[in-house]
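*Asks:* Mind looking over this structure? Questions follow.
Quick note: the coordinates plus some simple rules give every number you see, no bench work behind them. In this text the structure is predicted, and so the values were computed from the model without any measurement. Don't worry about glycine lacking a Cβ; one is built from the backbone with ideal geometry, like all the others, and counts go over all protein chains shown.
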Amino acid sequence: MQSLDYRVIEQAVEWLASDRTVWLCTVLSTFGSSPREPGSMMVAASDGEHLGSLSGGCVEDDFLERVTNGEYLLPTVVVRYGDPADGQENSRISLPCGGILDVLVERLSPQPESIDHLELVKAALAGKGDQTRHVRLADGTHWLEKGAPIGPRVVRDNAEDRVEIRVGPVARLILAGYSTVAEACATFAVSLGYEVVLCDPREEVTRGLAMPEGVEFVPLLPSLYIASDGACGASTAVVAVTHDPRIDDLAMMAAVKTGASYIGVMGSMRTSGARAERLRRTGGLSEAEIARIHMPIGLDIGSKTPAEIALSIMADIVRVRRGKHHVRIDTDTLQP
């Protein structure tokens with residue numbers, strides 16, 4: 001299933017190809033409470049037909065009313081919602097919990113250049129390579145450059161009067177084997193918008209298994225799935241939390257041969273040291289490959305329960321995806 005942002009761009013291309021002008025909206029920044037993160041998109045036509053969302057309600061209604069009334073005729077405009085004092089094209093909408101939302105609105109006419117540009121954006125969202133989309137605010141000029149799979153989704157360059165929007169495939173989590181921690185990770189990941197795949201060939205473990213809605217179950221040895229074509233990309237995290245070396249070690253050996261942006265396995269510092277030695281001796285992994293593996297996995301938040309451990313794991317995955325640096329702390333809190 002394609003991401004919502006992919007479907008937004010796909011719809012924009014269809015409308016442009018049908019000789020319809022579209023307004024492409026992108027969340028630039030949020031302050032306080034906001035249900036949609038920077039980089040989220042919505043597209044609308046002049047009759048109010050639309051796809052996607054910016055806030056989940058009131059913002060969309062206000063924006064669509066303005067579009068159908070003939071506003072937003074400039075190539076680009078930045079709209080601020082939730083702040084009565086500031087912001088270009090200030091809105092009359094107040095957000096819940098005092099939140100503030102900045103939205104880039106681009107008016108795209110049905111020209112081949114606009115269609116070609118969005119086709120490239122659509123390809124990036126489909127997994128054909130991460131891109132950075134540049135939009136000059138003064139005149140709406142836009143172009144693409146090769147981007148990175150991690151880091152902030154939106155950067156506003158005030159000196160150049162432009163925004164940079166990272167576009168790429170939806171984040172993916174591969175869980176190598178079932179455990180209560182893996183199940184909790186899956187629940188968190190689905191709520192964060194991740195595509196989640198759980199691999200486990202052990203029928204005695206997965207018999208009668210009921211995973212959270214939105215999780216794909218593959219009854220296959222995780223290492224085989226991880227190594228298969230198209231399974232792992234730059235937006236993929238691979239996590240092993242079974243405490244079974246036959247599952248976890250093989251998964252790590254396969255994952256380091258892929259472009260996955262996050263690879264982690266659960267265990268204490270002592271068990272992690274023993275695993276690293278096994279991976280060197282038996283798996284033949286290089287020091288550079290072992291250094292790619294987060295072990296012990298997760299942030300040090302004093303985790304004890306499966307849910308707390310899963311929280312620390314997903315927090316670390318998000319940290320890496322957002323390009324935030326972290327000094328790993330020696331901790332034995334994640335015990336087998």
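*Asks:* Using only Cα atoms, tell me the angle between helix 180-191 and the longest principal axis of the chain; keep it within 0 to 90° and round to the nearest 10.
*Replies:* Once rounded, one gets 10 degrees.
*Asks:* Assuming 0.36 nm per residue, please report the length gained on full extension of the stretch Arg270 to Ala288 beyond their Cα-Cα distance.
*Replies:* The span from Arg270 to Ala288 would gain 4.5 nm if fully extended.
*Asks:* By how many degrees, 0 to 90 and rounded to 10, does the Cα axis of helix 112-125 deviate from the longest principal axis of the chain?
*Replies:* Tilt relative to the chain: about 20 degrees.
*Asks:* Excluding residues on the same chain fewer than 8 positions from Lys304, give the aspartates and glutamates whose Cα lies under 12 Å from its Cα.
*Replies:* Within the straight-line cut-off, Lys304 pairs with Asp332.
*Asks:* With 10 angstrom as the radius, rank Glu164, Glu71 by how many other C-beta atoms surround their C-beta, starting from the fewest.
*Replies:* Glu71, Glu164
*Asks:* Of Cys232, Ile263, Gly177, which is farthest on the positive side of the dipole of segment 172-321, counting Cα position, with +1 on Lys and Arg Cβ, -1 on Asp and Glu Cβ, and the Cα centre as origin?
*Replies:* The listed residue farthest towards the positive side: Ile263.
*Asks:* Counting alpha carbon pairs within less than 8 Å and at least 6 residues apart, what relative contact order, in whole percent, applies to segment 90-238?
*Replies:* 18 percent
*Asks:* Between Gly129, Gly284, Gly233, which gets the highest mean-square fluctuation from a Gaussian network model of the chain, Cα cutoff 10 Å?
*Replies:* Gly284
*Asks:* While we're on this one: Rounding to the nearest 20 debye, state how big the charge dipole of the chain is about its Cα centre with +1 on each Lys and Arg Cβ and -1 on each Asp and Glu Cβ.
*Replies:* My answer is approximately 1180 debye.
*Asks:* Students often get this wrong, so try it: which of (1) 154; (2) 168; (3) 204 is volume of the Cα convex hull per residue in Å³ as calculated from the structure shown?
*Replies:* Computed from the coordinates, volume of the Cα convex hull per residue in Å³ corresponds to (1).
*Asks:* Determine ³J(HN,Hα), in whole Hz, for all residues of segment 282-287 in sequence, where each value follows from phi through the Karplus function 6.51 cos²θ - 1.76 cosθ + 1.60 and θ = phi - 60°; x replaces Gly and Pro.
*Replies:* Couplings: 8, x, x, 6, 7, 4 Hz.
*Asks:* Per DSSP helix of 4 or more residues, -39500 (n - 2.57); summed, then divided by the residues of the chain. What does that give at 222 nm, rounded to the nearest 500?
*Replies:* Value at 222 nm, helices only: -9500 deg cm²/dmol.
*Asks:* Positive end of the charge dipole of segment 4-167 (Lys, Arg +1 and Asp, Glu -1 on Cβ, about the Cα centre): tell me which of Pro112, His50, Thr132 has its Cα farthest that way.
*Replies:* My answer, from the dipole projection, is Thr132.
*Asks:* Using a Gaussian network for the chain with springs between C-alpha atoms less than 10 Å apart, which of these wobbles most: Val22, Val239, Val218?
*Replies:* Taking springs between Cα atoms under 10 Å, the residue moving most is Val218.
*Asks:* On to the next question. Report the relative contact order of the chain, percent, no decimals, based on alpha-carbon pairs under 8 angstrom and at least 6 residues apart.
*Replies:* It rounds to 12 percent for the chain.
*Asks:* I've got another one for you. Using Cα atoms only, what is the angle between the long axis of helix 245-255 and the major principal axis of the chain, expressed in degrees (0 to 90) to the nearest 10?
*Replies:* Tilt relative to the chain: about 40 degrees.
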